[in-house]
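In what follows, a single structure is set out as structure tokens and then discussed.
Values in this text are rule-based calculations from the coordinates and carry no lab data. Remember, predicted model here, so these are calculated numbers, not experimental data.
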Amino acid sequence: RVIGVIKMDVDKATFGNRVRSIRKAKGLNQEELGNMMVNPTRGENAANKPVVSAWERGISVPGPYRLKVIADLGGITVNELLYGKSVDPVVELLELEIAKLAPTGDYSQGLIEGLNIAKEILIKNKNL
């Protein structure tokens, strides 16, 4: 059963700044970062310097494999790389539902409290 769908848009310019920051923090130039993007399983070659430059300038966003390589290099999750914060989809969904209920006045305080408690539990226990 689908309760809701969460779609978050990537701010490409901010994403690009994150990629650049990670690359520079690791002391890599664009070519060196691109050379780390080889995916033999899918037959993908290294990303050339103009491709890495396009990521950093917010023109394009790499595919899943390359996102994972960059995120791992930076010691962050792909979610953090894309959106700048760690967002658990379940927590995000709960926050959206709470926000929808609050302005209507069509809810019981117990429901809101229950959703807030569930959200806090999920935040504290990321492995659920």
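Computed values, structure above
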{"item": "Value in Å of the Kirkwood radius, where the stretch 12-90 supplies the Cα pairs that are averaged", "result": "12.5"}
{"item": "Residue pairs, from the table 26/68; 68/119; 68/124, whose Cα atoms sit over 18 Å apart", "result": "68/119; 68/124"}
{"item": "Cut-off under 5 Å, modelled amide H: who pairs with residue 44 long-range", "result": "39"}
{"item": "Under 5 Å, built H, 5+ apart or other chain: amide partners of residue 26", "result": "none"}
